[in-house]
Amino acid sequence: MKLKLTEIPEGGLTIQEELPVGWLVEQSGFGPDDPYRPTGPVVLNLNVRKAKRQVTVSGTATATLAFVCSHCAEDGLLTPTATLRETFLPADKFRLPEGRALDLEEQDFQNAFYDNDEIELGRYVAESIVLALPMFPVCERPECADVPGDHREDWDEPEAHKRVNPMWKAGLAQVKDKLKLKK
């Protein structure tokens with residue numbers, strides 16, 4: 001999915017598009033052994049603005065993916081929405097003859113770059129969707145979605161380590177009972 005700078009009108013460009021399931025597989029490299037499997041189109045809603053040679057892309061990208069719950073191993077569906085906001089600058093601005101140094105500022109590391117007046121939006125959109133995915137997805141079953149101490153917002157809670165996952169509690173109780181019987 002390439003965007004030529006010459007195709008961006010002075011007032012900007014709005015991209016509202018549905019990309020097929022295979023597009024995300026192709027762009028992100030999802031394979032059959034990956035934890036996520038794209039199952040629906042990627043819905044793009046982007047605004048593109050150009051100021052001289054600087055291009056800003058903002059908006060959202062939403063995908064539908066199947067996954068296996070990290071708690072119960074049941075199949076689930078997830079619809080992550082990635083919020084996109086990136087400034088693209090020409091890469092030639094940072095190319096120097098060999099042996100010359102370039103002073104970079106912090107803001108130079110916060111931008112993406114393009115070559116030949118063409119922006120490769122596909123990789124950027126796919127990467128944003130992948131980064132919006134949870135590391136350990138859980139399904140909507142109450143015993144999975146509400147596992148205490150498993151969510152990032154609980155990590156700083158002083159008592160979080162004392163709570164027990166209800167699925168583990170039942171299994172551990174059975175093991176404990178079997179050990180008592182052997183004595």
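Evaluating T62 against the criteria (1) at pLDDT 90 or above; (2) under 16 Å from the mean Cα position of the chain (by Cα); (3) over 15 Å from A132 (Cβ atoms) leaves one unmet condition, (3). When L172, L104, L133, L181 are screened for being modelled with pLDDT under 85 and assigned to a loop (DSSP other than H, G, I, E, B), only L104 passes. No other residue among R95, R49 is more than 29 Å from M135 (Cα to Cα) and at pLDDT 90 or above apart from R49.
The values are calculated or read from the model by the stated rules, or taken from the named source; none is laboratory data. Quantities reported herein were computed from a predicted structural model and do not represent experimental measurements. Using ideal geometry, Cβ is built from the backbone for each residue, glycine included, and neighbour counts are taken over all protein chains shown.
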